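Visitor: Have a look at this one before I ask anything.
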Amino acid sequence: MSIAPGLRLPTTRGDWRLMGRTVRLVLTLPVYAAVAVIAAIVSLTLFVVSLNVPLVLDLVVGGSLPLASRLRVLAELYPFIGTSFNFAQGILLLVVAVLTGVDIGLVTYHFREHGLDLQQGGAGVAGVVLGTLGAGCAACGSAVLLGLLSLLGVSTSLLFLPLDGLEFALLALVVLTLSVYWLAEGMRGGEINGCPVDL
């Protein structure tokens, strides 16, 4: 299977250093660091709420519990606070949320500072969208995918995925990493905060 011409993958140590340097330079700017942190928190919240929509609607939004109890119920949905996720799931969900925040911070920087339109910055936008969809519902992702693929005649064998739906979060991790790399590659040769982006 060949990759489209001009489409590079991060295969060398220099590629990974470029990604790290670009992310570090962008996130040293306070406004983009704030965007990344807020985006990571919002994405993590969307991920955990999407897994428990009825509970959130019935108890947190529409319930008669006191505010402190509602917040406690909401907090219990997060990894490492509640019991909804095991250790591996919690780590994976946090990493995807952080990468989503970093990706949104880089996309925001790239659009604002370089005056790109949606067509030119499409890799970053696609990475955020696909990453959010892939990580948002690792547990029900297999059911959603099964529903879509059943239209094409694919059997219910997708329900027996070896990682119980975590494959979708892993796919999100790959897509977000590629998006960060392509954004960093797009900024190569420029300057961020007065420092050159070139390795």
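The values are calculated or read from the model by the stated rules, or taken from the named source; none is laboratory data. These figures come from a predicted structure and were not determined experimentally. To get the accessible areas, we keep the full protein, side chains included, count just its heavy atoms, and leave off ligands, DNA and RNA. Shrake-Rupley method; radii C 1.70, N 1.55, O 1.52, S 1.80 Å.
Visitor: Can you give me the long-range amide H partners of ILE192? Hydrogens built in the peptide plane at 1.01 Å from N, cutoff under 5 Å, separation of 5 or more residues or another chain.
Guide: Answer set, sorted by chain and number: VAL197.
Visitor: Starting at the first residue of segment 20-26, write each ³J(HN,Hα) from the Karplus equation 6.51 cos²θ - 1.76 cosθ + 1.60 with θ = phi - 60°, in whole Hz, x for Gly and Pro.
Guide: Listing the rounded values in order: x, 5, 5, 4, 4, 5, 5 Hz.
Visitor: Hey, another quick one. Which value, in Å² and to the nearest 10, is the accessible area of VAL107 when all protein chains are kept and the probe is 1.4 Å?
Guide: Probe radius 1.4 Å; accessible area of VAL107 about 20 Å².
Visitor: On a 1.4 Å probe surface of the protein chains, which of VAL96, VAL61 comes out largest in accessible area, and what is the full order?
Guide: So the residues, ranked largest to smallest area, are VAL61, VAL96.
Visitor: Short version: ³J(HN,Hα) in whole Hz for each residue of segment 174-180, in order, from phi by Karplus 6.51 cos²θ - 1.76 cosθ + 1.60 (θ = phi - 60°), x for Gly and Pro, what are they?
Guide: The phi angles translate into 5, 4, 5, 4, 5, 5, 4 Hz.
Visitor: I've got another one for you. Once the whole set of protein chains is in place, how much accessible area is left on LEU171, using a 1.4 Å probe, in Å² to the nearest 10?
Guide: 100
Visitor: So, one more: Return the sequence-ordered ³J(HN,Hα) values of segment 81-93 in whole Hz as given by the Karplus equation 6.51 cos²θ - 1.76 cosθ + 1.60 applied to θ = phi - 60°, using x for Gly and Pro.
Guide: 9, x, 10, 5, 10, 7, 4, 5, 5, x, 4, 4, 5
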